[in-house]
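Inspection log for the structure reproduced underneath, given as structure tokens.
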Amino acid sequence: MDQRLSFLLNHSNDIFCVTDEKGNLTATNSSWNHFTDYSEKESKNHNLIDLAHPADRTRVTELFLSIPALKNADGFPLRIRAKGGAFLNISWSVTFDPDKQLVYAFGIYTDQDLSIRNPDNISDKVQHVLANLTEGFFMLDQHWRINAFNPAFQKMVQLPENELYGADFRLMEKMSVAEDVIPAFKSVYENQNGVQLQYYDWHCKGWLRMNIYAYKGELMVFVLDISSVKIEQMILELEKKVLVLNFMPDYPLAKMADELLIGIESIFPEMYCSILEVDKEQEHIHTMSAPRLPREYSAAINGARLGPYAGSCGTAAYHREQVIVSDIANSPLWDDYKHLILPHGFKACWSTPVISSRSARVLATFAIYYNTIREPVKEELRMIDRTVSILRTLIESKRNEERLADQTRRLQEIAAISSHNIRRPVATIMGLVNLFDKKNPDNPLNKDIMEHLETTAAELDQVIHAIVEKTVNI
């Protein structure tokens with residue numbers, strides 16, 4: 001599927017899935033995952049016909065048999081079993097691709113209800129729209145109590161209906177309300193206007209956008225998870241900032257590495273990052289940057305040898321491949337190092353080697369530590385790839401600068417040698433040659449001149465050797 005179309009479908013509020021001609025699911029979008037609770041990986045183990053309500057299976061089987069001839073079908077009602085066992089009422093539009101022998105299905109969930117204490121405040125049509133939004137919606141009275149919410153918001157906070165009704169929004173742990181959020185709500189109450197804000201939710205482990213509006217003495221709030229867009233924007237800004245610093249010749253590599261990791265940790269607050277530099281001999285690793293890791297731990301592993309069982313970083317550099325350790329306590333790679341890291345509460349560590357673009361040499365390793373047992377998701381793996389690419393650029397750029405600076409210094413020394421150390425013996429030789437008595441070779445003075453010429457020639461030879469040595473690595 002075209003990447004642009006795939007992007008649009010994945011971010012659509014409509015449910016979307018792709019099956020083969022027998023109904024086996026091959027792809028789903030985020031709305032399918034949201035409503036059914038099946039992940040994309042789990043969905044691929046299911047058949048759409050098998051997920052249908054028993055009373056609907058005959059109809060959907062007939063649809064799959066006839067769709068190659070019909071090509072399209074619109075407004076097809078079909079109940080789908082969600083992961084929890086409940087059936088979702090979905091109205092489907094289906095089209096068949098004869099070239100790829102695939103069925104594309106678009107669905108609208110038609111059976112959501114808005115939980116609201118005073119339904120007369122909002123018309124039935126608006127209630128229906130609010131109930132079926134894939135973004136969260138809730139209402140607050142003047143005492144900060146929640147008096148209406150849609151299923152998307154309930155799913156977001158993972159609370160039963162009886163606990164959500166009347167809950168004080170300010171005290172909700174599962175919304176991780178940031179300090180600057182409450183004043184924004186107060187501002188809307190006081191000014192009867194609208195406000196949009198963004199903040200990082202520690203419970204959801206993502207970025208939320210809230211649109212807050214005054215409505216009949218209460219507040220209407222729309223909540224949307226914008227993590228993917230927000231993170232992309234922040235990563236682009238960070239990459240731009242670091243690359244600008246890279247063009248500053250006197251800006252140290254270690255300081256640039258600090259800026260990069262501090263930026264990543266601000267985007268992903270649950271991450272603790274490090275960059276370890278590999279020495280020229282490809283034998284040891286040394287800490288280049290680790291802004292939030294305990295200093296005693298960084299000091300303990302500084303200079304550690306590469307090897308097949310050398311923690312995540314030493315092993316990644318040794319094998320020249322990514323090493324994902326989701327559980328440090330039970331990983332044999334960490335047997336010699338776990339006593340250094342576990343007391344600090346870290347439980348997972350993923351490390352990726354930064355390999356030179358010009359050779360197989362490992363320049364450094366980029367590692368991420370977590371205080372929970374976990375493996376990376378697709379978004380994190382993409383971020384790691386981008387960070388490793390940036391690091392390669394930064395390290396090689398600075399190394400090139402250092403080489404050029406060294407070459408410049410050597411050339412300047414050669415120029416100094418040429419202008420001073422060569423000129424003097426050459427001038428001496430020329431003077432001695434002029435003094436040589438060519439008409440009377442037996443002149444006793446000629447012997448002294450020849451001895452001086454021999455001494456000066458040896459001096460000149462030493463100067464030439466010195467120049468050769470300085471040009472070896474240029």
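The values are calculated or read from the model by the stated rules, or taken from the named source; none is laboratory data. The shown structure was predicted, so the numbers you read here are calculated from the model rather than taken from an experiment. As a convention, Cβ positions derive from the backbone with ideal geometry for all residues, glycine included, and neighbour counts pool all protein chains shown. The protein model used for the area step is the full one, side chains on, heavy atoms only, and it has no ligands, DNA or RNA in it. Shrake-Rupley method; radii C 1.70, N 1.55, O 1.52, S 1.80 Å.
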Handout entry: In nm, spacing of pseudo-spin labels at N24 and D279 (7 Å Cα→C-beta vector)
Key = 5.4
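For the chain, what % of the accessible area comes from carbon and sulfur atoms, probe 1.4 Å? Walk me through the intermediate numbers first.
Numbers: 13550 of 25520 Å².
Heavy-atom surface of the chain belonging to carbon and sulfur, 1.4 Å probe: 53 percent.
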Problem - Pairwise FRET efficiency - R145 versus T58, Cβ, R0 = 35 Å, nearest 0.05 - result: 0.15
Practice task
Straight distance only, please: which lysines reach the Cα of K241 with their own Cα at less than 22 Å, same-chain residues fewer than 8 apart left out?
Solution key: K230, K255, K398
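When only DSSP loop residues count, what chymotrypsin sites (Phe, Trp or Tyr not before Pro) in the stretch 52-106 have their Cβ near at most 15 other Cβ atoms within 10 Å?
Details: sites: F64, F87, W92, F96, Y104, F106; in loops: none.
Here no chymotrypsin sites (Phe, Trp or Tyr not before Pro) fit, given the DSSP loop and packing criteria.
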Completion exercise
Placing +1 on each Lys and Arg Cβ and -1 on each Asp and Glu Cβ in the chain, then taking the dipole about the Cα centre, the residue among Y370, T408, L164 whose Cα reaches farthest towards the positive end is T408
Problem - In nm, spacing of pseudo-spin labels at N400 and F7 (7 Å Cα→C-beta vector) - result: 2.8
Practice task
Calculate for the chain the 222 nm mean residue ellipticity that helices alone would give, adding -39,500 (n - 2.57) per DSSP H run of length 4 or more and normalising by residue count, nearest 500 deg cm²/dmol.
Solution key: -13000 deg cm²/dmol
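What is the calculated FRET efficiency for I464 to T408, with r their C-beta to C-beta distance and R₀ = 25 Å, to the nearest 0.05? Working shown, then result.
Details: r = 21 Å, r/R0 = 0.85.
So the FRET efficiency works out to roughly 0.70.
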Handout entry: Accessible area (Å², per residue) of the stretch 17-97, counting only protein heavy atoms and a probe of 1.4 Å
Key = 48
Completion exercise
For K438, counting only lysines whose alpha-carbon sits under 24 Å away and dropping same-chain residues fewer than eight positions off, the answer is K447
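Whole number in Å², please: accessible area per residue of the stretch 224-277, 1.4 Å probe, ligands, DNA and RNA not counted.
Working: 2600 Å² over 54 residues.
Ligands and nucleic acids excluded, the result is 48 Å² per residue.
Could you tell me which GluC sites (Glu not before Pro) in the stretch 267-296 are loop residues by DSSP with no more than 14 other beta carbons within 10 angstrom of their beta carbon? Please list the in-between numbers first.
On the way: sites: E270, E277, E281, E283, E296; in loops: E270, E281, E283.
Here the sparse-neighbourhood loop sites are E270, E281, E283.
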Exercise for the section: May I ask for the percentage of alpha-carbon pairs in the stretch 229-382 that lie more than 18 Å from each other? Expected result: 58
Completion exercise
Read-out log10 I(q)/I(0) by the Debye sum over Cα atoms at q = 0.05, 0.14 Å⁻¹, candidates (1) -0.36, -1.27; (2) -0.17, -1.52; (3) -0.53, -1.28; calculated match is (1)
Exercise for the section: Show which aspartates and glutamates lie in cross-link reach of K83 when reach means a straight Cα distance below 15 angstrom and same-chain residues fewer than eight apart are skipped. Expected result: D37, E40, E42, D50
Handout entry: Mean separation of Cα contacts under 8 Å, 6 or more apart, over the residue count of the chain: relative contact order %
Key = 6
Problem - Cβ-placed point charges (K, R +1; D, E -1), dipole of the chain about Cα centre in debye, nearest 20 - result: 380
Handout entry: Label-point gap, in nm, between E232 and S389 - each point 7 angstrom along Cα→Cβ
Key = 1.4
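Mind checking the stretch 228-315 for trypsin sites (Lys or Arg not before Pro) that DSSP puts in a loop (not H, G, I, E or B) and that have at most 16 other Cβ atoms within 10 Å? Spell out each step's value before the answer.
Working: sites: K230, K240, K241, K255, K280, R292, R295, R305; in loops: K280, R292.
Answer by residue number: K280, R292.
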